[in-house]
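Scroll down for the structure; my scribbles are underneath it.
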């Protein structure tokens with residue numbers, strides 16, 4: 001089964017990270033689907049067993065509240081037993097939104113494979129390589 005990558009981006013930074021995760025999956029010869037959150041429903045996403053979820057920090061270190069957060073809240077009860085990774089970019093703060101998101105994802109019964117990858121604004125080579133590794137982890141899981 002293919003790996004699914006679902007993300008939201010406004011500046012393109014989280015989109016760059018999603019593309020790097022896709023590269024990691026493809027490097028192991030596995031199938032991958034990549035979708036903007038506005039182009040997929042939670043029930044459609046729940047058909048996948050391996051999911052990468054990406055959202056930047058917005059407001060006071062929170063998920064984007066108009067598209068991504070409602071999608072994620074609908075997806076949460078469907079994540080039990082799924083293998084997931086989280087990623088996103090930020091411009092302020094220290095990554096608290098990612099720690100909160102990881103803790104929340106674990107309460108769903110999803111198997112969060114590793115700590116989420118975050119990038120301060122435009123992802124540098126280190127962040128992009130970490131994203132490729134996320135893709136490889138999902139492909140192997």
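Brief remarks on what is shown
- Separation of region 10-60 from region 84-141 is 11 Å, based on Cα centroids.
- In percent, rounded to a whole number, the relative contact order of region 3-140 is 32, using alpha-carbon pairs under 8 Å and six or more apart.
- Ordered by the number of other Cβ atoms lying within 10 Å of each residue's own Cβ, fewest first, 128, 53, 113, 86 fall into the sequence 113, 128, 86, 53.
- Net length gained if the chain between residue 65 and residue 31 were fully extended (0.36 nm per residue, minus Cα distance): 9.3 nm
- Highest-fluctuation residue, 124, 39, 94 considered, GNM on the chain with Cα pairs under 10 Å: 39
- DSSP assigns beta bridges within region 3-140; of those with both partners inside it, close to 5 percent run antiparallel.
- Gaussian network model of the chain, Cα within-10 Å springs - most flexible of 104, 125, 19: 125
- Peptides 55-61, 5-11 ranked from most to least packed, by the mean per-residue count of other Cβ atoms within 10 Å: 5-11, 55-61.
- Considering only 14, 114, 122, the mean-square fluctuation computed in a Gaussian network model of the chain, springs between alpha carbons under 10 angstrom, is largest for 114.
Bear in mind that the values in this text are calculations on the coordinates, not laboratory data. The structure presented is a predicted model; accordingly, all values stated were derived computationally and were not measured. Neighbour counts run over all protein chains shown; Cβ positions are idealised from the backbone, glycine included.
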